[in-house]
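Student: Okay, here's the structure, questions in a sec.
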Amino acid sequence: MTNPLYQRHIISIADLCRAELELIIDTAGRLKATPQPTLLKNKVIASCFFEASTRTRLSFESAVQRLGGNVIGFADGGNTSLGKKGETLADSVRIISSYSDAFFMRHPKEGAARLASEFSSVPVINGGDGANQHPTQTLLDLFTIYETQGSLEGLKVAFVGDLKYGRTVHSLAQALSLFGCQFYFVAPQALAMPDYLIDELREKGIACSFHQSIEEVVDELDILYMTRVQKERFDETEYQYLRSGFVLNTDMLANAKKNLKVLHPLPRIDEIDIAVDSNPHAYYFEQARNGVFARQALLALVLTNHFGV
Ligand code: CP
């Protein structure tokens, strides 16, 4: 059996079918249970961050090293020949790919990873391109949801906060739509889910509903996926009014179903009260740790033909 992800670029979650997502989730579980410290021996992976990151960059680099590979790269794209001397992204990619077996990148512009894949001689993995896509965040989210619920099928999932610009929400909703989930969108009108995504979900027969506070929906949910409401998008009065419906505290979880897990791609600012951190429903720090296993799985499948199949 061939591995369908071998030597593939991973740019958008929409490029992956349900069977491929299940393969990655299964592989992540096996790598979490049984480390493979030599799987990427003699492989060189480039880590190229043109935009700030803590979790994505460090979990990718940890994933490579825990699989026995080597990392080259930069955390500050401003201090490269692209940033300082005006080299094009296309030329930079040609060079980086000639030094490595694969590279992962984050860039502030939508479409940058797709462009890079057109000039790269090795697989490109998108670590986030502007407000567009963050497919590896979705992979770790799916792995975490599967780990906590035992299935991805037919779950009731609420997305809260900035649903307009939140690339993690867009990617995760697209992926979970392959598993017949039901969605609750909890956001101020100014940060509502884009119409094109709602249309896409409805065309697939996915039930979507829209809400102005977490309390309206929390008791029905399996997954409560929090994101940050961005203060800079509102004046102070409007922000203070809005945030009251979008800040999670422990009282709101009093009647939640036992299996409910609260997730957040992080960084958190103040949209989850720190008292929630010790509540049994909180799972966002474990979710962030799962980034190492989900990214190990992706690297293992993209760089080795027979692992995972
Ligand atoms: N969740 C996430 O992408 O975090 P970073 O921006 O720190 O990588």
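Student: Would you please list the contacts, defined by Cβ atoms under 8 Å and residues six or more apart or on different chains, that run from a residue in the range 128-154 that is within 16 Å of residue 177 (Cα to Cα) and within 13 Å of the ligand (Cβ to nearest atom) to a residue that is among the acidic types (Asp, Glu) and assigned to a helix (DSSP H, G or I)?
Tutor: 135/15
Student: Sticking with this one: Do we find a residue being part of a helix (DSSP H, G or I), of a type in the set (A, V, I, L, M) and away from the ligand (no atom under 16 Å from the Cβ) anywhere in the range 29-48?
Tutor: Taking every residue of the range 29-48 in turn, at least one turns out to be part of a helix (DSSP H, G or I), of a type in the set (A, V, I, L, M) and away from the ligand (no atom under 16 Å from the Cβ).
Student: Look through 251, 270, 235, 222 and report the one residue that is within 22 Å of residue 138 (Cα to Cα), of a type in the set (D, E, K, R) and more than 16 Å from the ligand (Cβ to nearest atom).
Tutor: 222
Student: While we're on this one: Looking at 110, 61, can you tell me which residue is within 18 Å of the chain's Cα centre (by Cα) and assigned to a helix (DSSP H, G or I)?
Tutor: Sole residue among the options that is within 18 Å of the chain's Cα centre (by Cα) and assigned to a helix (DSSP H, G or I): 61.
Student: If I ask for residues that are touching a residue at least 60 places away in the same chain (Cβ under 8 Å) and either out of contact with any strand residue (DSSP E or B) (no Cβ under 8 Å at 6 or more places or on another chain) or within 14 Å of the ligand (Cβ to nearest atom) (or both), which ones from the range 273-288 would you list?
Tutor: 286, 287, 288, listed by residue number.
Student: With the requirement that a residue be basic (Lys, Arg) and within 20 Å of residue 155 (Cα to Cα), what does the range 230-270 give you?
Tutor: 257, 258, 261
Student: Exactly one of (1) in a loop (DSSP other than H, G, I, E, B); (2) under 18 Å from the mean Cα position of the chain (by Cα); (3) at pLDDT 95 or above is unmet by residue 154. Its number?
Tutor: The single condition residue 154 does not satisfy is (2).
Student: May I ask you to verify whether residue 100 is in contact with a strand residue (DSSP E or B) (Cβ under 7 Å, 6 or more places away or on another chain), in a loop (DSSP other than H, G, I, E, B) and modelled with pLDDT of 95 or more?
Tutor: Here the answer is yes, as residue 100 does meet what is asked.
Student: Among the residues in the range 58-80, are any among the aromatic types (Phe, Trp, Tyr) and within 16 Å of the ligand (Cβ to nearest atom)?
Tutor: yes
Student: Against the definition (buried (at least 16 other Cβ atoms within 10 Å of the Cβ), aliphatic (A, V, I, L, M) and part of a strand (DSSP E or B)), how does residue 93 come out, yes or no?
Tutor: The answer is no for residue 93.
Student: Filter the range 178-215 down to the residues that are under 19 Å from residue 264 (Cα atoms) and assigned to a helix (DSSP H, G or I), then identify the one that is farthest from the ligand (Cβ to nearest atom).
Tutor: Once the filter is applied, the top-ranked residue is 215.
Student: Another one. Just to be sure before I move on: is residue 112 small (Gly, Ala, Ser) and either closer than 13 Å to residue 50 by Cα or within 16 Å of the ligand (Cβ to nearest atom) (or both) in the structure I sent?
Tutor: yes
Student: What do you reckon, is residue 269 touching a residue at least 12 places away in the same chain (Cβ under 8 Å), among the aliphatic types (A, V, I, L, M) and out of contact with any Leu (no Cβ under 9 Å at 6 or more places or on another chain)?
Tutor: Against the criterion (touching a residue at least 12 places away in the same chain (Cβ under 8 Å), among the aliphatic types (A, V, I, L, M) and out of contact with any Leu (no Cβ under 9 Å at 6 or more places or on another chain)), residue 269 qualifies.
Student: Looking at the range 82-101, can you tell me whether even one residue there is within 16 Å of the ligand (Cβ to nearest atom) and farther than 30 Å from residue 148 by Cβ?
Tutor: No: the range 82-101 contains no residue that is within 16 Å of the ligand (Cβ to nearest atom) and farther than 30 Å from residue 148 by Cβ.
The values are calculated or read from the model by the stated rules, or taken from the named source; none is laboratory data. If you're wondering where the values come from, they're calculated on a predicted model, not measured in any experiment. Note that we place each Cβ from the backbone using ideal geometry, even for glycine, and neighbour counts take in every protein chain shown.
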